[in-house]
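Below is one structure, written out as structure tokens, with a few remarks after it.
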Amino acid sequence: MPQRPAVTQLPEEVRRALEARLVQGGFAGYTALAEWLTEQGYEISKSSLHRYGQTLERKLSAIKASTQAAQLIAEAAPDEEDARSAAVISLVQTDLFEALLALQEAGDAEPAERVKLLSSAARSIADVGRASVSQKRFASEVKARAAQAAEDVVATVKKGGLSDDAAAAIRRQILGIAP
């Protein structure tokens, strides 16, 4: 098994400070960062820091691109019912299920490794399950608020003398936004 990168073995507060310095320095100045770590009592080569910095920069770039894409999609195609989240959760659940099946079929893996993989899969499945429940709760709350808004509007317009047919049409229009 390959050795873990030296940076990942740093105490969390030192690693976080290093990551902040990497970002603030534009992922440059690895010699100065290696010297700073030496002052902190950790000997890590500038090459190791550079590899870690490249990995961190790729991760941050991917997150930034995903966030920007999500913002553009949200602006271009509003999703009041959060159907996109439901679809993503469904895809993740499917992939986790397939990974679990593949793991069960891989009987030649070492028992300790299988337990570790199963534990990780179980945590992921639990996380996705909680996300699914939260998404469904949100959709239910949106529907309930829309229904209450429809009833409030109907009550108000009836007081103003609108006909029952007009009130029903307004109710249908409001509830149409949250089927």
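Every number here is computed from the coordinates shown, using simple stated rules; none is lab data. Note that this is a predicted model, so its numbers are computed, not measured. Cβ sites come from the backbone with ideal geometry, for glycine too, and all protein chains shown count toward neighbours.
A few remarks follow.
- In this simple spin-label model, placing a label point 7 Å from the Cα along the Cα-to-Cβ direction at both residue 142 and residue 35 gives a separation of 5.4 nm.
- Two-site FRET efficiency, residue 88 against residue 55, from Cβ-Cβ distance with R₀ of 30 Å, rounded to 0.05: 0.75
- Spin-label model, residue 62 to residue 47: label points 7 Å out along the Cα-to-beta-carbon direction sit 2.5 nm apart.
- Available extension along the chain between residue 21 and residue 156 is 42.7 nm, counting 0.36 nm per residue and deducting the alpha carbon span.
- Residue 168-residue 115 pseudo-label distance in nm [points 7 Å out on the Cα-to-Cβ vector]: 6.6 nm
- With the highest mean first, a sort of the peptides 116-126, 48-58 on other beta-carbon atoms found within 10 angstrom per residue produces 48-58, 116-126.
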